[in-house]
1. Among residues other than residue 65 whose Cβ falls under 9 Å from its Cβ, what is the net charge (Lys/Arg +1, Asp/Glu -1)?
2. Once fully extended, how much extra length lies between residue 234 and residue 288, figured as 0.36 nm per residue of separation less the alpha-carbon to alpha-carbon distance?
3. What order do you get for 252, 132 when you list them from fewest to most C-beta neighbours inside 10 Å?
4. Which whole-Hz ³J(HN,Hα) couplings does the range 281-292 yield from phi under the Karplus relation 6.51 cos²θ - 1.76 cosθ + 1.60, θ = phi - 60°, glycine and proline marked x?
5. Take residue 88 and residue 128, extend 7 Å from each Cα along the Cα→Cβ direction, and tell me the distance between the two endpoints in nm.
6. For a quick check: with amide H placed at 1.01 Å from N, whose amide H comes under 5 Å from residue 34's, ignoring anything fewer than 5 positions away on the same chain?
7. How much length is gained on full extension from residue 31 to residue 222, taking 0.36 nm per residue of separation minus their Cα-Cα distance?
8. Which net charge results for the neighbourhood of residue 283, defined as the other residues with beta-carbon distances under 9 angstrom from its beta-carbon, given Lys and Arg at +1 and Asp and Glu at -1?
Amino acid sequence: MICSMTGYGSAQKSCPQWTVRAEARSVNHPQLKVSVRLPDMLRLKEGELTGLVRGRLARGHVTLSVRCNFSEDALRVVVDRRALRGYVKLARELAAAEDVPLHVEAGSLLSLPEVLGTDSMPDEVLEELWPFVLDASEGALEGLIEMRRTEGRNLARQMEDICERVLRRTRAVDEGGECCVRATQRRLQERLERLLDGADVPLDSNALAREVALLADRSDVSEEVARMASHLQQFRQTLGSEGEAVGKKLEFLVQEMAREADTMTAKLPSSELVQEAVEIKTDVHRLREQARNVE
């Protein structure tokens, strides 16, 4: 079943020393674009988390954010006190130079660059923390993927309905085109008979047949109808495919449907049939918009 490119997932892993929370978001994008946001102390692990995302998803702009909250004991280990004192000293000097009051919050200081950094985190602490980051990230991605699957099922139902509508209207255009040619033949014959009424000129049935044949050829949409039906069949089969990213294929098929709908609109002889073809084009446009959401 298809998956949407839009989704959200979050997960949290905790122990007495720290709590790690990961959030994964994704929106539409022609390719797979991954953005990873990590605390400074984990920035060297960005490549591993990027690889984790790329191993699970094929399309979309995915943002994975990780936050770490430390207990008081753990915080003592990872805070770079020299960097922290440097920020406080600089803040005091600026406040004195500009003669402005100084308001310093410890929480704000801890969010400054290099205060919680890899240089101040012992390797053994980082090794203990990393499995929590990895588990939380995997949980967030799993939630994201499940939401994308749910959205994909909803998209598939909507696109199935649109496909059925397009097929029904295409068949109506095909049947209406044949009826329209026969009606045009009758109208043309009646008009010629009225024009020739009282004149000693016989109605040339061969010439009439040639004109009707030319009209039928110019307004024949049987090829477009057949190709449209084929595209719709492939589109529906692709909707039900398992285990692969099919969004680009769906977009290609919709592009071909739009081409057939344009040709039908240009060839049809009656305003009623043209209106039906315009409705087909509108539905194909809706289908295109939905297909752009598919992974």
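1. Counting the neighbours of residue 65, the net charge comes to +3.
2. Details: separation 54, 0.36 × 54 = 19.44 nm, distance 1.47 nm.
This chain segment gains 18.0 nm when fully extended.
3. The most exposed by this proxy come first: 252, 132.
4. So the J values, rounded to whole Hz, are 4, 5, 5, 5, 4, 4, 4, 4, 4, 6, 4, 5.
5. So the two model labels end up 2.5 nm from each other.
6. 62
7. 65.1 nm
8. Residues close to residue 283 contribute a combined charge of +3.
Just so you know, all these numbers are worked out from the coordinates, no wet-lab data involved. Fair warning: this is a prediction, and the values are worked out from it, not measured in the lab. As a convention, Cβ positions derive from the backbone with ideal geometry for all residues, glycine included, and neighbour counts pool all protein chains shown.
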